[in-house]
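Scroll down for the structure; my scribbles are underneath it.
Throughout, read-outs are computed from the coordinates displayed, never taken from laboratory work. Worth saying up front: this structure is predicted, and the values here are computed from it rather than measured. Heads up, the Cβs are rebuilt from the backbone with ideal geometry, glycines too, and the neighbour counts pull from every protein chain shown.
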Amino acid sequence: MADTISEQIISAYETQLASWKTSNGYNIGCGANVFRAVQHVDPDALPAVVINPRSEEVTQRYGVNVCEMVLQINAFAEIGTTNPSVIQEQLLGDAIKIMSGAVSSKTKSVIYKAGGPAQVPIDEDTITAVFAEFTVTYNTLAGDPYSQ
């Protein structure tokens, strides 16, 4: 069976996230380790990014569902000798840059809604992380999540 429109969009973002590399102009290269909807990332797999599809709100208009899907990105990197706050800002900037804009012809808009440090690292922490949430708007036919 075919993928839903939302699955096609999520998959397109997974592919886009794989291009998150320093050679493509990003500060930290998370693209080598892209995961989907996982709770834990192995520290040996850093830097890494996790894409988490979240809730969706739908408004029906004239036989069309206008869907607003939330995608949350969690990006992780080792701290090393750099101030964790600097790394967090680089991760957040990279996340906003790579996720902003439609990577699929199926999307109508992408809006950065929220983000920031996952937490303030303490002295013994070796890893830091950020989150960023985006609202992705797309349409489907009413009652048919496979068609636009």
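Some notes on this structure:
- Degrees, to the nearest 10: 5-17 long Cα axis against longest axis of the chain: 30
- Result for the chain in a Gaussian network model with C-alpha springs under 10 Å: among Thr126, Thr137, Thr82, the largest mean-square fluctuation is at Thr82.
- Rough spin-label spacing in nm, given labels placed 7 Å along Cα→Cβ, for Leu141 and Glu57: 2.7
- Computed over the alpha-carbon pairs of the range 5-141, the distance histogram in 10 Å steps reads 12, 43, 29, 12, 3, 0 percent, short to long.
- Helix-derived mean residue ellipticity, 222 nm - over the chain, DSSP H n ≥ 4, -39500 (n - 2.57), to 500: -6500 deg cm²/dmol
- Cut-off 13 Å between beta-carbons: net charge of the residues surrounding Gln88, Lys and Arg +1, Asp and Glu -1: -4
- Comparing Pro53, Pro43, Pro84 in a Gaussian network model of the chain, where Cα atoms under 10 Å apart are tied by springs, the biggest mean-square fluctuation is seen for Pro43.
- For Ala2, the shell of other residues with beta-carbons less than 14 Å away shows a net charge of -2, using +1 for Lys and Arg and -1 for Asp and Glu.
- Residues whose placed amide H lies under 5 Å from that of Val64, excluding near-sequence neighbours: Ala142
- Antiparallel content of DSSP bridges confined to the chain, in %, to 5: 90
- Mean-square fluctuations from a GNM of the chain, with a 10 angstrom spring cutoff on Cα atoms, peak among Asp94, Asp123, Asp44 at Asp123.
- Residues whose amide H falls under 5 Å from that of Asn33, counting only those 5 or more places apart or on a different chain, are Val49, with hydrogens built in the peptide plane.
- Of the GluC sites (Glu not before Pro) in the range 54-148, those whose Cβ has at most 15 other Cβ within 10 Å and which sit in DSSP loop: Glu124
- Computed over the chain: relative contact order in percent, which uses C-alpha pairs under 8 Å that are six or more apart: 26
- Whole-Hz ³J(HN,Hα) from phi, Karplus 6.51 cos²θ - 1.76 cosθ + 1.60, for the range 84-101, glycine and proline x: x, 5, 5, 4, 4, 5, 5, 4, 5, x, 4, 4, 5, 4, 6, 8, 6, x
- Virtual paramagnetic centre 7 Å along Cα→Cβ of Ser19, amide N under 14 Å, in the range 87-105: 97-105
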